[in-house]
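Colleague: Here's a structure for you.
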Amino acid sequence: MNSPSLSGWLVATLLGLGGSAHAAGTPALKDIFQDHFLVGTAINRAIATGTGFRRTPVQVSNDVALVKAQFNHLVAENDMKWALIHPRPGPDGYDFGPADAFVSFGQTHGMDLAGHTLVWHSQTPDWVFAGTHPPPQAAHASPASTADTAAGRTNAAVQRGPGRGFGGPGRGPYAGPRASREELLERMREHIHTVVGRYKDRIRVWDVVNEAVADGGTNILRNSLWLEIVGPDFIAKAFAFAHEADPKAILRYNDYGLENPAKRRKLITLIRSLQEQKVPVHAIGSQAHLNVSITFETMDQTLTELATLGLPIHITELDVNSAVGGQRGFGAEVADNAATTQGGLVSEADRRLADAYAGIFRAFLKHRQHVEMVTFWGVNDANSWRAQGRPLLFDRDGQPKPAFDAVVAVLRESLSPDRP
Ligand code: GLA
């Protein structure tokens, strides 16, 4: 896509005015990137329903206004995960309310929608895996059984305690008697048909399988109950069921840490093998939970290699941890450090965040033929799961940060006639 179709006001805003992006009002990300890719955000239940419990009603309504002003694509941060949408077995096992509210919010505001996520080792209730077959001896008996899944993450801030790698957050995997392969596949089929079928023609893109690739070691796939009970074809089966349920939906494989060359190689091997088996995988989701050490070069290389798969690339969960808390001066009194952290070092963190965002957006623009959407994992710092790291373009009050200006400047640069 090319820039000439950008509307006149936009070019005037970005080129003519120069200086602060806010001089003529804050430009909208969805507008300034409209010829290149969709710009999305994950939203939580408070935003989808307009009723907050951690934010005041005024804050929630400001968050909603920011979503409407800036973004044209949405994903539910949590409400379509198995544990939330389908917490119990049996005919009354689904809780569709919050997911319905998300879809209705998106439709009301004319947003493109993604569903997240159908098959994942985490945030999946125990009943899904439960049955009458004794678990293999010594399986998951020691923390070592999860080591492969937690080790090797390039993004330290994403690391979490036991359970993240295998079971749900904060606890180990389900360790009781298990379902058979056939039972688990039937539960997967029923879940995917019900959820995808319910939102057919309303949700355009689905994260079908989330985070199946192992971080460390030589195995391609992480250990999980899906892998142990069904076998490696659980991935192909999930895509086949989703395709049956909505043949028009864009089906995505979604994972994190693809900036790490070793993990990326595994991802590419996995996707090539799915393609050889004619599995309907239509897009690569790269979560992109990053740190400020990320560079243009790393993202450029990542996207260059992912593009060899011949599939659209969706940046699905973008945030960049600026780790302000870790940036204290050396040799001074603790009290002085605390004061400094509120002043100079915070703005230093802002600058590093702006540089990191500028680098990755330069790479997104360079690869715009392949990058179809860039979705942030949260609307502003107040709503982020990594709130301490202030990882987004808007601050807790929804005001654009220096990183926002940097992203606008990258777009402006790309419109400059001097640039190739
Ligand atoms: C992964 C998942 C997201 C979210 C984040 C943060 O990236 O795909 O749904 O849970 O972890 O928790």
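The values are calculated or read from the model by the stated rules, or taken from the named source; none is laboratory data. Values in this document were obtained by computation on a predicted structure and should not be read as measured data. Every residue, glycine as well, gets a Cβ built from its backbone with ideal geometry; the counts of neighbours run over all protein chains shown.
Colleague: Six or more apart or on different chains, Cβ under 8 Å: which pairs go from a residue in region 200-211 that's closer than 7 Å to Leu251 by Cα to one that's charged (D, E, K, R) and within 13 Å of the ligand (Cβ to nearest atom)? Could you list them?
Modeller: Partner pairs satisfying both residue conditions: Val205/Arg252; Trp206/Arg252; Asp207/Arg252; Val208/Arg252.
Colleague: Could you grab me the full set of residues in region 188-207 that are within 16 Å of the ligand (Cβ to nearest atom) and aliphatic (A, V, I, L, M)?
Modeller: Within region 188-207, Val195, Ile203, Val205 meet the criteria.
Colleague: Being away from the ligand (no atom under 14 Å from the Cβ), part of a loop (DSSP other than H, G, I, E, B), modelled with pLDDT of 95 or more and charged (D, E, K, R) is the requirement here; does Asp95 meet it?
Modeller: Yes.
Colleague: Name every residue in region 391-415 that is part of a loop (DSSP other than H, G, I, E, B) and out of contact with any strand residue (DSSP E or B) (no Cβ under 8 Å at 6 or more places or on another chain), in order of residue number.
Modeller: Matches in region 391-415: Asp395, Arg396, Asp397, Gly398, Gln399.
Colleague: What pairs can you find where one residue is in region 114-125 and under 18 Å from Pro232 (Cα atoms), the other is within 7 Å of the ligand (Cβ to nearest atom), and their Cβ atoms are less than 6 Å apart, with a gap of 6+ or different chains?
Modeller: Trp120/Asn210
Colleague: State all residues of region 208-227 that are surrounded by 22 or more Cβ atoms within 10 Å (Cβ to Cβ) and more than 16 Å from the ligand (Cβ to nearest atom); if no residue qualifies, say none.
Modeller: Leu225, the sole residue that qualifies.
Colleague: Could you tell me which of the residues Ala130, Ala114, Ala99 is among the hydrophobic types (A, V, I, L, M, F, W, C) and surrounded by fewer than 21 Cβ atoms within 10 Å (Cβ to Cβ)?
Modeller: Ala130
Colleague: To continue, here is another question. Somewhere in region 392-413, is a residue closer than 20 Å to Ile294 by Cα, surrounded by fewer than 16 Cβ atoms within 10 Å (Cβ to Cβ) and in contact with a Gly (Cβ under 9 Å, 6 or more places away or on another chain)?
Modeller: Within region 392-413, not a single residue is closer than 20 Å to Ile294 by Cα, surrounded by fewer than 16 Cβ atoms within 10 Å (Cβ to Cβ) and in contact with a Gly (Cβ under 9 Å, 6 or more places away or on another chain).
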